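A short write-up of the structure that comes next.
The values are calculated or read from the model by the stated rules, or taken from the named source; none is laboratory data. Please read these numbers as outputs of a predicted model, since none were measured by experiment. Don't worry about glycine lacking a Cβ; one is built from the backbone with ideal geometry, like all the others, and counts go over all protein chains shown.
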Amino acid sequence: MQVFPRLAWAALAACVIVQSFVPPVVGLADNADFGKVLGLYSLGGPPELHGRFVAPRLTVEERFSWLDSPFRTSERLFLAAAVHSNKLISTDGSMDVRVMGAVHALLLLGIFWLLAPELGAASAAAAAIFGDVMYITHLNSFHMDVAAWLGLLGMAAFYLRAVRGGKWVDWLGFAAASATLVLSKSAHAPLGLVLAAVALVWRRYAIAGVWLAGAWWMFAGTPAGYAPPASYNVLYHRLLPASENPPADLAELGVAPEMIKYRGTYVYQAGSGGSDPAAQVSHAKLAAYYLRHPLTAWRHLALAMDEGSRLRHALGNFTPDSGRAELEESQTFTQWSGPKRWLFEKRGARLVWAALVLFSLSAAWALRDLSSPLSPMFLALPAMGLTELAIAGLADTLEVARHMFVFHAICDLLLVLLIRESLVQYRNAAPGLVPDPATRHSARRPAASPD
């Protein structure tokens, strides 16, 4: 057992416990999406708290029932664990939000117990980053992005273990973690296509097929009315207000010129054209438009990142009995998000450039030695980050900060892994130093695979 990584694990555990379970606990208020997950069990919190406060207790009521919710998400597996655990302590079926927090926390700490030894000294950076309030607030919530984040960390942990030891149980864990990520939400299903593409480069055809099947399953299960509101927002709330020639852009997108009357509106606004069939445009047409106009795409992405660079969701972090104001954000445990917000908030272009530099460094590390078992990971993560950046910045214009959560998680994980590799190289170049446990991965041999 390595002492340093276990100390990092203890530090992360302290961050989790203090924030999630010691009053005043922190979490994320419902943005009206919780019902997509909770409706299966007819659970819900007071609607009047939505966005403002974290509902401390969920109750079973008919009005919350959504047994035929069409939304597919791996987060339901975690909710099922919480609901069944809650039966041991609740007699009326109501559930303290911290029960869900405990399930998420156990998964996070279990994953980090496996990941920390693989990171070596870089585990300290990982504990500081992922123990930050911008991540821990998600534990006491029912956001589907929590499953994506935990799946991402699980993928890294099991992959590092698998390429070191080649054990089938670690490859199985990697498969389960990647499924948790890809199946967390339809917005993250494209990551399955990215992972499949990387697997095909390394001729891991069975793995690629599984990821493609998972992505297809998520796409096929996406409700028909789910995408049009987002594409409406992009066209009328982002593209047309910034356009120098709105009629020409509408014509290029195949939309009638009279639809310019909706310019500046978004779909949930009174008087919008969200229900007007003639005002609709597909994401495919928008994507083609942006490909033909890359400078416009860059400007729109930078504008979106001005909001996304705040890192934190614009939702309350406290329960109504905490004595805190509605919509108040926790300002403790901001050891990572604080400096990062100071550097990037309302500087969207700077954030995008920083991400591109990070992705380039990762790709350069992978390309210098494609025989390294870590090369697939250092190519996959930048591609995943770019995909999330495009989805969050160009596929919708509302709640960009919330949609960027997985993008930030990918960037932060990649930063930790690059720190790890830098420490490995330093130790290898300095004779007489005690080898870091992470150097066990630096042997140039083909990656083990379950195929």
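From the list V255, V267, V281, which residue is buried (at least 19 other Cβ atoms within 10 Å of the Cβ), touching a residue at least 12 places away in the same chain (Cβ under 8 Å) and more than 30 Å from the chain's Cα centre (by Cα)? Write out each step before concluding.
Working: V267 fails: more than 30 Å from the chain's Cα centre (by Cα); V281 fails: more than 30 Å from the chain's Cα centre (by Cα).
On inspection, the qualifying residue turns out to be V255.
What residue, of E388, E399, is modelled with pLDDT of 95 or more and within 25 Å of I136 (Cβ to Cβ)? If you could, list the steps in order and put the result at the bottom.
Details: E399 fails: modelled with pLDDT of 95 or more.
One residue alone meets the criteria, E388.
Could you list, in sequence order, all residues of segment 99-140 that are among the polar types (S, T, N, Q) and either at positive phi or assigned to a helix (DSSP H, G or I) (or both)?
Residues of segment 99-140 that are among the polar types (S, T, N, Q), as a first pass: 123, 137, 140.
S123, the sole residue that qualifies.
Pick from S90, S94, S85: which is of a type in the set (S, T, N, Q) and touching a strand residue (DSSP E or B) at 6+ places or on another chain (Cβ under 6 Å)? Before you say what the answer is, go through the steps one by one.
Numbers: S90 fails: touching a strand residue (DSSP E or B) at 6+ places or on another chain (Cβ under 6 Å); S85 fails: touching a strand residue (DSSP E or B) at 6+ places or on another chain (Cβ under 6 Å).
Exactly one of S90, S94, S85 is of a type in the set (S, T, N, Q) and touching a strand residue (DSSP E or B) at 6+ places or on another chain (Cβ under 6 Å), namely S94.
Give the residues of segment 62-87 that are modelled with pLDDT under 95 and either of a type in the set (A, V, I, L, M) or closer than 21 Å to V16 by Cβ (or both), sorted by residue number.
Answer for segment 62-87, where residues must be modelled with pLDDT under 95 and either of a type in the set (A, V, I, L, M) or closer than 21 Å to V16 by Cβ (or both): just L67.
Among the listed residues V97, V83, identify the single one that is touching a helix residue (DSSP H, G or I) at 6+ places or on another chain (Cβ under 6 Å) and β-branched (V, I, T).
V83
Please identify the pairs in which a residue from segment 360-371 that is in contact (Cβ under 8 Å) with a residue 12 or more places away in the chain has its Cβ atom under 9 Å from the Cβ atom of a residue that is assigned to a loop (DSSP other than H, G, I, E, B), counting only partners at least 6 apart or on another chain.
Pairs found: W365/S372; W365/L374; A366/S372; A366/L374; D369/R444; S371/R444; S371/R445; S371/P446.
Against the condition more than 17 Å from H143 (Cβ to Cβ), in contact (Cβ under 8 Å) with a residue 24 or more places away in the chain, assigned to a loop (DSSP other than H, G, I, E, B) and not hydroxyl-bearing (S, T, Y), how does L88 come out, does it pass?
Details: more than 17 Å from H143 (Cβ to Cβ): yes; in contact (Cβ under 8 Å) with a residue 24 or more places away in the chain: no; assigned to a loop (DSSP other than H, G, I, E, B): yes; not hydroxyl-bearing (S, T, Y): yes.
Taking the combined requirement at face value, the residue does not satisfy it.
Mind listing just one residue for me: the one in segment 381-410 that is acidic (D, E) and assigned to a loop (DSSP other than H, G, I, E, B) and, of those, surrounded by the fewest Cβ atoms within 10 Å (Cβ to Cβ)? Break it down into steps so the answer makes sense when it comes.
The initial filter retains those residues of segment 381-410 that are acidic (D, E), namely 388, 396, 399.
From what's left, assigned to a loop (DSSP other than H, G, I, E, B): 396, 399.
Details: D396: 24, E399: 16.
Per the stated criteria, the residue is E399.
In segment 51-85, how many are part of a helix (DSSP H, G or I) and within 25 Å of the chain's Cα centre (by Cα)?
First, pick out the residues of segment 51-85 that are part of a helix (DSSP H, G or I): 62-64, 75-85.
If we keep only those that are within 25 Å of the chain's Cα centre (by Cα) as well, we get 75-83.
Number of matching residues: 9.
Taking P241 as the residue in question, decide whether it is loosely packed, with under 15 Cβ neighbours inside 10 Å and in contact (Cβ under 8 Å) with a residue 12 or more places away in the chain.
On the way: loosely packed, with under 15 Cβ neighbours inside 10 Å: yes; in contact (Cβ under 8 Å) with a residue 12 or more places away in the chain: yes.
Considered against the rule, which asks whether it is loosely packed, with under 15 Cβ neighbours inside 10 Å and in contact (Cβ under 8 Å) with a residue 12 or more places away in the chain, P241 comes out as yes.
Could you say whether any residue in segment 306-314 is aliphatic (A, V, I, L, M), exposed (fewer than 14 other Cβ atoms within 10 Å of the Cβ) and either within 22 Å of the chain's Cα centre (by Cα) or in a helix (DSSP H, G or I) (or both)? Explain how you work it out, then say what you get.
Step one: of segment 306-314, the residues aliphatic (A, V, I, L, M) are 311, 314.
Then drop every residue that is not exposed (fewer than 14 other Cβ atoms within 10 Å of the Cβ), which leaves none.
No, there is no match, as no residue in segment 306-314 is aliphatic (A, V, I, L, M), exposed (fewer than 14 other Cβ atoms within 10 Å of the Cβ) and either within 22 Å of the chain's Cα centre (by Cα) or in a helix (DSSP H, G or I) (or both).
Determine, yes or no, whether P246 is more than 23 Å from L351 (Cβ to Cβ), surrounded by fewer than 14 Cβ atoms within 10 Å (Cβ to Cβ) and not polar (S, T, N, Q). Give the derivation first.
Numbers: more than 23 Å from L351 (Cβ to Cβ): yes; surrounded by fewer than 14 Cβ atoms within 10 Å (Cβ to Cβ): no; not polar (S, T, N, Q): yes.
When the stated conditions are applied, P246 does not pass them.
W336 passes all but one of (1) in contact with a Leu (Cβ under 8 Å, 6 or more places away or on another chain); (2) surrounded by 16 or more Cβ atoms within 10 Å (Cβ to Cβ); which number fails?
(1)
Which of (1) part of a helix (DSSP H, G or I); (2) in contact with a Lys or Arg (Cβ under 9 Å, 6 or more places away or on another chain); (3) surrounded by 24 or more Cβ atoms within 10 Å (Cβ to Cβ) does H143 not meet, given it meets every other one?
(1) is the only condition that H143 fails.
A quick yes/no check of all residues on (1) at pLDDT below 95; (2) β-branched (V, I, T):
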{"position": "S282", "(1), (2)": "yes, no"}
{"position": "T319", "(1), (2)": "no, yes"}
{"position": "W342", "(1), (2)": "no, no"}
{"position": "V357", "(1), (2)": "no, yes"}
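Taking segment 202-235 on its own, how many of its residues are over 28 Å from S275 (Cβ atoms) and surrounded by 14 or more Cβ atoms within 10 Å (Cβ to Cβ)? Show your work before the answer.
Residues of segment 202-235 over 28 Å from S275 (Cβ atoms): 202-217.
Subsequent filtering for residues that are surrounded by 14 or more Cβ atoms within 10 Å (Cβ to Cβ) retains 202, 204, 207-208, 210-212, 214-215, 217.
Selection size over segment 202-235: 10.
Out of A177, A156, A187, I need the residue that is modelled with pLDDT under 95, out of contact with any Lys or Arg (no Cβ under 8 Å at 6 or more places or on another chain) and under 22 Å from H104 (Cα atoms). Which one? Walk me through how you get there before you give the answer.
Values: A177 fails: modelled with pLDDT under 95; A156 fails: modelled with pLDDT under 95.
Within the list A177, A156, A187, the selection yields A187.
What is the residue count in segment 14-42 for residues that are within 20 Å of S74 (Cα to Cα), hydrophobic (A, V, I, L, M, F, W, C), touching a residue at least 40 places away in the same chain (Cβ under 8 Å) and not in a loop (DSSP other than H, G, I, E, B)?
Result for segment 14-42: 2.
Out of curiosity, is V97 over 30 Å from C411 (Cα atoms), among the β-branched types (V, I, T) and buried (at least 17 other Cβ atoms within 10 Å of the Cβ)?
Values: over 30 Å from C411 (Cα atoms): no; among the β-branched types (V, I, T): yes; buried (at least 17 other Cβ atoms within 10 Å of the Cβ): yes.
No.
Considering (1) farther than 22 Å from E388 by Cα; (2) surrounded by 18 or more Cβ atoms within 10 Å (Cβ to Cβ); (3) free of Cβ contacts under 8 Å to residues at least 24 places away in the same chain, say which one A325 fails and leave the rest.
Of (1) farther than 22 Å from E388 by Cα; (2) surrounded by 18 or more Cβ atoms within 10 Å (Cβ to Cβ); (3) free of Cβ contacts under 8 Å to residues at least 24 places away in the same chain, only one is false for A325: (2).
Select from segment 339-353 the residues that are buried (at least 17 other Cβ atoms within 10 Å of the Cβ) and of a type in the set (A, V, I, L, M) and write down the one among them that is nearest to V234 (Cα to Cα). Explain how you work it out, then say what you get.
As a first pass, look at segment 339-353 and keep what is buried (at least 17 other Cβ atoms within 10 Å of the Cβ): 340, 344-345, 348, 351-352.
Add one more test, that the residue is of a type in the set (A, V, I, L, M), and what stays is 351-352.
Numbers: L351: 21, V352: 19 Å.
If we take residues in segment 339-353 being buried (at least 17 other Cβ atoms within 10 Å of the Cβ) and of a type in the set (A, V, I, L, M), then V352 is nearest to V234 (Cα to Cα).
Give the residues of segment 2-23 that are β-branched (V, I, T) and either surrounded by fewer than 15 Cβ atoms within 10 Å (Cβ to Cβ) or more than 24 Å from G323 (Cβ to Cβ) (or both), sorted by residue number. Break it down stepwise before answering.
So the first thing to find is which residues in segment 2-23 are β-branched (V, I, T), and the list is 3, 16-18, 22.
Passing the criteria: V3, I17, V22.
Going residue by residue through segment 121-133, is there one that turns out to be more than 28 Å from A189 (Cβ to Cβ) and either at pLDDT below 95 or touching a His at 6+ places or on another chain (Cβ under 6 Å) (or both)?
yes
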